[in-house]
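**Q** Mind having a look at this structure? Questions to follow.
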Amino acid sequence: MNIRIKHRFSGEVLISLNDYDGEIKDMIENNKYRYNFSYTDLSYIDLSGGGIDLYKINLSYADLSHANLSYACFTHADFSHTDLSHANFEGADLFRTNFSNAELFHTNFSNANLSYADLFHANLSHANFEGAYPIWANFSNADLSHANLSKADFSYSDMSHANLKEVINRKHANFEGVKFKKSIKNEEKNK
């Protein structure tokens, strides 16, 4: 099977490698030269597992839908305007990561470190934050409708103008010091 990393909009093949030789995974994991993977199609890629450090990697405007990124380290990474719908970030380190304007529909952030992350205007509807740690994160103007907030620690985060309609298990999350200025809240679903 051949892996092709394509420009997200033009379709131009940027890298074409055989996935059995592991070159693409090694190149991304090593990230020695701070590769710029913006506008690339990396949907369904599997970068799961501990020990993968992708510090300051640029994945803005990329397609990482359905990607398995669990337990990887993406501190200070740029996922702005990226499609991460149905992606798995379980247990990942996302400290100070930029997710502004990202598509995070049905994304799994369970037990992930999202402290100081920027999720401004992100679509987080149906996302799973169970046990996540997004303290001091920016959720302003984000859509968190139908998201699972069970046992998550949102302390001191900014949820100004955020959509919190029908979130799941809001009562089981920590909201100490959170800014809710003009947030949209109504019913909560406890499942």
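Throughout, read-outs are computed from the coordinates displayed, never taken from laboratory work. Computed from a predicted structure; not experimentally measured. Cβ placement follows ideal geometry from the backbone for every residue including glycine, while neighbour counts extend to all protein chains displayed.
**Q** I want to make sure I understand the PRE zone here: with the label point 7 angstrom from the Cα of W136 toward its beta carbon, which residues in the range 101-129 have backbone N atoms less than 18 Å away?
**A** Counting backbone N atoms under 18 Å from the label point, the list is 112-120.
**Q** Can you work out ³J(HN,Hα) from phi for every residue in the range 147-162, in order, using Karplus 6.51 cos²θ - 1.76 cosθ + 1.60 and θ = phi - 60°, giving whole Hz and x for Gly and Pro?
**A** Working through the residues one at a time gives 6, 8, 9, 4, 6, 7, 10, 9, 3, 6, 7, 9, 10, 4, 6, 7 Hz.
**Q** Moving on. Please express the shape of the range 49-149 as an equivalent ellipsoid: the semi-axes are the square roots of 5 times the eigenvalues of the C-alpha gyration tensor, given largest first in whole angstrom.
**A** On the way: eigenvalues 57, 41, 35 Å².
That gives 17, 14, 13 Å for the three semi-axes.
**Q** So, one more: Under 17 Å from a point placed 7 Å out from the Cα of Y156 along the Cα-to-Cβ direction: which residues of the range 107-145 have their backbone N that close?
**A** What the label zone holds, given the 17 Å backbone N cut-off, is 113-119, 133-140.
**Q** In debye, nearest 20: dipole of the range 121-191 around its Cα centre with unit charges on the Cβ of K, R (+) and D, E (-)?
**A** Numbers: 10 positive and 8 negative charges, 36 e Å.
Roughly 180 debye, rounded to the nearest 20.
**Q** Answer with one residue from L149, S160, I135: the one whose Cα lies farthest towards the positive end of the charge dipole of the range 133-176, charges on Cβ with Lys, Arg +1 and Asp, Glu -1.
**A** Towards the positive end, the residue furthest out is L149.
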